[in-house]
Amino acid sequence: MRAPLLLQSDDRCPLEAAVGEFLTECRLRQLSPTTLEWYQYALGPFVRFAAARGERDVAAVSPQTVRAFLADESQRVQARRVNHYRQAVDRFYRWLVDQGEVGENPAAGIAKLREGRRLIGALREAEVQALLAQPDTGSFIGLRDYVFMLLLLDTGVRLSEALGLQVAHLDFIGQTFRVIGKGNKERVVGFSSILHEHLQSYLRRRESALASIGAAECPWLFPDHRGGRGRPKGFQMRLKRYAEAAGVSRVRVSPHTFRHTFALYFVRAGGSPFHLQRILGHTSLDMSRRYCELADEDFLQRQQQLSPLVTLAGFSPDRRRRMR
């Protein structure tokens, strides 16, 4: 028999308590810490908004309240974030319906807002070189950051996937490693011979650095300064500081920017969108198509630069001026 949610004496199910139970269920399903954090971030404002309207019970929330919440948020945030709120509320209530706590999902039938098409930010070659020149590779932390950036650029893995890598996951013979992606799905990612060499040198330094602080048994490929698992915010902040020092401000520098950069250069070099989908762990070809469209824009720009009207001497700027 299904265990009931936290009920009040009159058999009502408080909204806030139900969110807590939902998050517990997500942990039992081994959803990623990033997904859990996203649910907490998205459902918190909804619970507060409903409570302000006197709807503190899961069954009391009406479609009108959900629509009012999304309309209120749309005045402050972009459509993409409003859609995240809508998705979180919808998934939460679908779970409540499955649990038998409510009969209907008040978020059902509420359409997504139309989002403006976002540009995919990627690093240029000079920006990559400038970023890689920033870490002090004479120190272990600097070398760790340097190899961390190389791995992101070489493989396109997500931040959570990179920080979840253990040394035991590396296969140097096949030049591959295993990562656990979204939805707890495992996939195999290959790496280049260049990264292979850097990883070999890095592991030797890593071993002595961890032994010096009594953390020789640390399994993580990219540990923090105490020998524990690296924290996402710590790496994000370090990349931000490297970007400031390198003078890279055209795009926001983050682990996801490295992922975009990998994908874009992969397509530019002739990589298949189907292979890219598998490498990045996407469930559909939508994002791969986006990268292909960006590559098409590159080809168009190259066409414009290599047009005979531009390259042939007979159409030089001097001749055009003489014809006027």
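Where a number appears in this text, it was derived from the coordinates with a stated rule and is not lab data. Given the structure is predicted, the values throughout are model-derived calculations rather than measurements. Every residue, glycine as well, gets a Cβ built from its backbone with ideal geometry; the counts of neighbours run over all protein chains shown.
Under a model in which nothing but the beta-carbon of Lys, Arg (+1) and Asp, Glu (-1) is charged, the stretch 174-285 shows a dipole of about 400 debye around its Cα centre. Bridging of Lys233 to lysines at a Cα separation below 28 Å is possible for Lys182, Lys185, once same-chain residues fewer than 8 apart are set aside. Evaluated with a Cβ-only charge set (Lys, Arg +1; Asp, Glu -1), the stretch 175-223 carries a dipole of roughly 200 debye about its Cα centre, given to the nearest 20.
Between the listed residues Leu143, Val188, Gly234, the Cα displaced farthest toward the positive end of the dipole of the stretch 109-267, a dipole computed from Cβ unit charges relative to the Cα centre, is found at Gly234. Taking all Cα pairs closer than 8 Å and separated by 6 or more residues, the relative contact order of the stretch 59-198 comes to 14 percent.
Taking 0.36 nm per residue of separation and subtracting the current Cα-Cα distance, fully stretching the chain between Ile213 and Arg124 would add 28.2 nm. Is the stretch 152-231 rounded, prolate or oblate when judged by the Cα gyration tensor, a ≥ b ≥ c being the square roots of its eigenvalues, rounded requiring a/c under 1.5 and prolate requiring a/b larger than b/c? Judged from the Cα gyration tensor, the stretch 152-231 comes out oblate (a/c at least 1.5, b/c at or above a/b).
Rounded to the nearest 20, the Cβ-based charge dipole of the stretch 83-184 about its Cα centre (Lys and Arg +1, Asp and Glu -1) stands at 380 debye. Multiplying the residue separation of Ala60 and Arg27 by 0.36 nm and removing their Cα-Cα distance gives an extension gain of 9.3 nm.
Modelled this way, with points 7 Å down the Cα-to-C-beta line, the labels at Glu16 and Arg187 are 4.0 nm from one another.
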